[in-house]
Amino acid sequence: MIVEERFENYVNIYVDGYVFTADADRRVWEFGDGLDNEERRANEASRRAMTKDEFVNHYQSICNAAAGWEDERWTYRYNTAAFNSQGTLMQEEVVNRVEQAIDRNGVSQDREKCQDMLKKYASLGMIRQNGLCIRKYIYDKNGKGQGRIVYRMDELSPSDVEALIPKQVLFDILHRKRQG
């Protein structure tokens, strides 16, 4: 799972125990704790059995897609997700209808329009009962693997944040609104 956070003009992406940050105008990803250098990139790459260039390209691509920016390898789209249900046939039918409407209208990369499709094709009761919502997913353009969900920090509860992001990573981030 991936968490996207926006603060002022910065985007923070929490992924695989790391946090990367970029200025939204420059779009250059760096380690979000400010300790970004060639030696660290090489060390982290070797821990993941990658070369430094493979490591940088891998995470740069994931971060670009998670932030909603164009990338050669990854892309993003918004899908319907259900968080409070057993996966009933009726729920499946509603989710399929919403997904078809999103595709038919060509709005898969517009969160607000996807939200409108969800409200149009699912009743408020169905949305609440099944925890239906719109979430960003990123996909490898080569079709390798399944999509990865991207959560928005402002939609997560404190316990969700604690479960998804290591405390030390969250504590060390440079570009973030401090709570409390």
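Listed values, structure above:
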item: Estimated dipole of the range 28-111 in Debye, rounded to 20 [Cβ of Lys and Arg +1, of Asp and Glu -1, Cα centre]; result: 220 debye
item: Dipole axis of the chain (+1 Lys, Arg; -1 Asp, Glu on Cβ), positive-most option in G106, Y76, L156; result: G106
item: Fraction of accessible area attributable to carbon and sulfur, the range 74-140 (%, probe 1.4 Å); result: 46 percent
item: Accessible surface, the range 58-98, averaged per residue in Å² (probe 1.4 Å); result: 52 Å²
item: DSSP-assigned coil residues among GluC sites (Glu not before Pro) in the range 16-115, each with at most 14 further Cβ atoms within 10 Å; result: E70, E72
item: In the range 84-180, the trypsin sites (Lys or Arg not before Pro) that fall in loop regions by DSSP, at most 14 other Cβ within 10 Å; result: K141, K144, K177, R178
item: Proximal lysines to K141, defined as alpha-carbon separation beneath 30 angstrom and excluding residues fewer than eight positions away on the same chain; result: K52, K113, K119, K120
item: Given the chain, longest segment not containing exposed loop chymotrypsin sites (Phe, Trp or Tyr not before Pro) (DSSP; at most 16 other Cβ within 10 Å); result: 84-180
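The values are calculated or read from the model by the stated rules, or taken from the named source; none is laboratory data. Computed from a prediction, not measured in an experiment: that's the story for all the values here. Heads up, the Cβs are rebuilt from the backbone with ideal geometry, glycines too, and the neighbour counts pull from every protein chain shown. These accessible areas exclude ligands, DNA and RNA; they are computed on the full protein's heavy atoms, side chains included. Shrake-Rupley method; radii C 1.70, N 1.55, O 1.52, S 1.80 Å.
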